[in-house]
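The values are calculated or read from the model by the stated rules, or taken from the named source; none is laboratory data. Please read these numbers as outputs of a predicted model, since none were measured by experiment. Backbone-built Cβ (ideal geometry, glycine too); neighbour counts: all protein chains shown. Side chains are part of the model used for accessible areas, which takes the heavy atoms of the whole protein and leaves out ligands, DNA and RNA. Shrake-Rupley method; radii C 1.70, N 1.55, O 1.52, S 1.80 Å.
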Amino acid sequence: MKQLKCATLEGIDALPVTVESTLTRGLPSFTVVGLASSSISEARERVKSALLANDFTFPPKRITINLSPSDIEKHGSQFDLAMALLIALDSAEEDFSEWYAFGELGLDGSIKENAMLYPLILSLANRGVLQKAVVPLEALDKLSNIPGITFIGAATLREAIAFFKAEPGAEVHPAEPKAIPFPAQTLGGVRYYYRKHYPDDFREIRGQEVAKRAALISANLI
């Protein structure tokens, strides 16, 4: 059994999800279990097409993907990459269970970002549970603003497979660490960044008087 990690949103927080795979003898099939939403169930066709477009031959086996924990419903197309990698790397000896993989797959094997990607990774980073992740190359520059994480960008499924197989000359793109361009203050061992200049103010907001009043009181207390 092979494992990779991904995540789903539960409310406004990210929940780490372990993606597990087994390829066993039996009538050929591809099943996703673990309270997967319709968007994830549809991923089977994207994963199949992406793997075939990258010269992968499906073995005549029963493919089962489990999303753990199984009692939480999972949403989003960010699971595509992890599922495809687990199938393609089933015979690999390397252990990559500590890695996270995020990305929606195109039918040609291209890796795309989705709207959930940045809030997912930011939430995981704030909780300190994410250290290494493979992400879409098109999102690498934006995601590299999140400190403390080793990001590897891949444009295609082929590149991601080559990275995990440690193939010589694999075309992967490590993120360059960036300094956060804001002043910071440390409180209770936690570093907080803030702005000094705000181009917009509450005059731009119509209504929401209670929320604005609460924000003003909070700012005065600080």
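Do we find that ALA43 is touching a residue at least 40 places away in the same chain (Cβ under 8 Å) and touching a helix residue (DSSP H, G or I) at 6+ places or on another chain (Cβ under 9 Å) in this structure? Let's see the steps before the verdict.
On the way: touching a residue at least 40 places away in the same chain (Cβ under 8 Å): yes; touching a helix residue (DSSP H, G or I) at 6+ places or on another chain (Cβ under 9 Å): yes.
So ALA43 fits the description; yes.
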Report summary line: Residue hits (region 172-212; charged (D, E, K, R) and under 18 Å from SER144 (Cα atoms)) are GLU176, LYS178, ARG191
Requested in this report: Please note which strands (runs of 3 or more DSSP E) are completely contained in region 118-222 and include at least 3 residues that are open to solvent by 70 Å² or more (accessible area, probe 1.4 Å).
Outcome: 184-187, 190-193
Query raised in the report: Under 6 Å by Cβ, and 6 or more places apart or on different chains, what pairs join a residue from region 115-136 that is under 21 Å from GLU159 (Cβ atoms) with one that is among the hydroxyl-bearing types (Ser, Thr, Tyr) and open to solvent by 50 Å² or more (accessible area, probe 1.4 Å)?
Result: LYS132/THR150
Report task. Could you please give the count of residues in region 45-78 that are hydrophobic (A, V, I, L, M, F, W, C) and either within 20 Å of the chain's Cα centre (by Cα) or open to solvent by 70 Å² or more (accessible area, probe 1.4 Å) (or both)? Result -> 7
Report summary line: Within region 19-34, restricting to residues that are surrounded by 16 or more Cβ atoms within 10 Å (Cβ to Cβ) and either of a type outside the set (Gly, Ala, Ser) or in contact with a Phe, Trp or Tyr (Cβ under 9 Å, 6 or more places away or on another chain) (or both), the one that is farthest from SER91 (Cα to Cα) is VAL32
